[in-house]
Amino acid sequence: MSGKKHIVSRCISIILVVLLLVIAIYPVLWLILSSLKTQNELTLNSAFSLPGSLNFDNYVEAWTTGNMGSSFVNSVICTAGSMLLIVVIAVPFSFALVKMRWKLRKRINSYVLMGMMVPVQVALIPLFSMYNTMGFTNSRIGLILIYTAYSLPLSVTLLTGFFESVPNELIEAAVIDGCSIYQVLGKIVFPLMTNSIMTVLTLQFMSSWNDLIFSQTMISQPAKQTIQTALIMFNGSYGQVNWGPLFAAMAIAVIPTLVLYLFLSKFMIRGMTAGAVKG
């Protein structure tokens, strides 16, 4: 009887997993297939029909006339810059919070946690006013700084969980052998935290790449807008919506996130659980 229950529960689990996969994968598959259709196929055929041939003209039009090329480059620059800053700032800061003893350590850690609770909408107007005064509007550097600042609390929280799982004896042994604090961080800790760094980088990429509210608020020049803002502003010829290039533009925005996640998902899962067990 228990064997039958086990088989039934396993079948139900498989059905649920397959259903979730279909729900998650089908919209992306539909988007990519629609981006390969001609305008006549999109207009006359069923929305669920397959394209008659692989038509990449939509991607060429979206990349050139739709301004997706420059917007893609802008997003790459802003996202890569924020990812670099996150690693440079969050790793040593998290190490100092967990492994070093100094006076205001616990209070600053509380402030970091409070930073995760501040809604974006609350800070948007003050940030715009400050950026406008400093001349940081329509600036990629300004976006990089915002992306870094808003992702820093979560990144520090994830990395402190990892550092808490690193034995103090390992660091103490390195110090006794003559390592400075920077050598401990670079030669002992960094090689052990690949999964955690990949987790932070993946989350930072998805947050920065998919940002709309900051890029649309801080950037008004079309030449400096990011890919998400370009999607909002995307129009076909003569002001009408040309669905083929629009679907292609959406696919251009989505595919990098999917590719990155597929390659780094195993590191992300390990990194999220790295601090779950100490010792």
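The values are calculated or read from the model by the stated rules, or taken from the named source; none is laboratory data. This is a predicted model, so every value here is computed, not measured. Glycine gets a Cβ as well: all are built from the backbone with ideal geometry, and neighbour counts include every protein chain shown.
The table that follows gives values for the structure above.
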{"read-out": "Unmet requirement for A248, which otherwise passes all of (1) at pLDDT below 85; (2) among the small types (G, A, S); (3) buried (at least 21 other Cβ atoms within 10 Å of the Cβ)", "value": "(1)"}
{"read-out": "Among the candidates L21, L84, L42, residue that is modelled with pLDDT under 85, surrounded by 14 or more Cβ atoms within 10 Å (Cβ to Cβ) and among the aliphatic types (A, V, I, L, M)", "value": "L42"}
{"read-out": "All positions within the range 190-227 that are more than 14 Å from Y131 (Cβ to Cβ), outside any helix (DSSP H, G or I) and β-branched (V, I, T)", "value": "T226"}
{"read-out": "Positions within the range 102-131 being closer than 28 Å to M193 by Cα and assigned to a helix (DSSP H, G or I), in sequence order", "value": "R105, K106, R107, I108, N109, S110, Y111, V112, L113, M114, G115"}
{"read-out": "Unique match (being part of a helix (DSSP H, G or I), in contact (Cβ under 8 Å) with a residue 24 or more places away in the chain and more than 30 Å from V189 (Cβ to Cβ)) among S155, S71", "value": "S71"}
{"read-out": "Filter result for the condition that a residue is among the aliphatic types (A, V, I, L, M), part of a helix (DSSP H, G or I) and free of Cβ contacts under 8 Å to residues at least 12 places away in the same chain, over L85, L29", "value": "L29"}
{"read-out": "Near pairs, Cβ below 6 angstrom, 6+ apart or cross-chain, from the range 172-197 (surrounded by 14 or more Cβ atoms within 10 Å (Cβ to Cβ)) to any residue that is outside any loop (DSSP other than H, G, I, E, B) and small (G, A, S)", "value": "V184/A174; I188/A174; N195/G271; S196/G271"}
{"read-out": "Residue among G115, G135 that alone is under 19 Å from the mean Cα position of the chain (by Cα), small (G, A, S) and at pLDDT below 90", "value": "G115"}
{"read-out": "Per-region count, the range 162-179, residues assigned to a loop (DSSP other than H, G, I, E, B) and more than 17 Å from V98 (Cα to Cα)", "value": "3"}
{"read-out": "Residues (surrounded by 11 or more Cβ atoms within 10 Å (Cβ to Cβ) and within 22 Å of S215 (Cα to Cα)) located in the range 88-129", "value": "G115, M116, V118, V120, A123, L124, L127, F128"}
{"read-out": "Any hit, the range 132-143, residues being assigned to a helix (DSSP H, G or I), crowded, with 18+ Cβ neighbours inside 10 Å and without any contact (Cβ under 8 Å) to a residue 60 or more places away in the chain", "value": "no"}
